[in-house]
Amino acid sequence: MTNTEAKLIHGLIKKENRIKATEIVGFFNILHAQGKCNDKLIEDINAYVDILSILYKKNDGLPVYKIQKKANPIEPDAFAAFTKFHVEITELMKMYKEKMN
């Protein structure tokens, strides 16, 4: 795997991002229950958390250089889509929170 992928994985599996993923799930499930977001978004969020879980299980506690020596368990296209979704869903949640205040 590339150094960039290894750095992304290392950052994504940090505790604060795992906590953020839990917050994202809860926040959007509340919105879904209120009819403010659709089923597809919830499915995408659940898939995001599943991928994050796989990355965590395979790389927890490893430094970047050891992660880089391993094969990325996610196909390159899916990994790119995953990282893009991470940024988008984080920004979407921030936007919703600002709109609610």
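Data overview
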{"quantity": "Test: residue in segment 14-28 that is hydroxyl-bearing (Ser, Thr, Tyr), open to solvent by 50 Å² or more (accessible area, probe 1.4 Å) and either farther than 16 Å from Lys84 by Cα or within 9 Å of the chain's Cα centre (by Cα) (or both)", "calculated": "yes"}
{"quantity": "Those residues of segment 69-96 which are in a helix (DSSP H, G or I), surrounded by 15 or more Cβ atoms within 10 Å (Cβ to Cβ) and free of Cβ contacts under 8 Å to residues at least 24 places away in the same chain, in sequence order", "calculated": "Ala81, Leu92"}
{"quantity": "Those residues of segment 15-52 which are free of Cβ contacts under 8 Å to residues at least 24 places away in the same chain and among the acidic types (Asp, Glu), in sequence order", "calculated": "Glu16, Asp39, Glu43, Asp50"}
{"quantity": "Residue under evaluation Met1, criteria (1) of a type outside the set (Val, Ile, Thr); (2) in contact (Cβ under 8 Å) with a residue 12 or more places away in the chain; (3) in a helix (DSSP H, G or I), criterion not met", "calculated": "(3)"}
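The values are calculated or read from the model by the stated rules, or taken from the named source; none is laboratory data. Treat the numbers as computed from the prediction; the structure is a model and nothing was measured. Here Cβ is always computed from backbone atoms with ideal geometry, including for glycine, and neighbour counts include all displayed protein chains. Please note that ligands, DNA and RNA were not included when accessible areas were found on the heavy atoms of the full protein model with its side chains. Shrake-Rupley method; radii C 1.70, N 1.55, O 1.52, S 1.80 Å.
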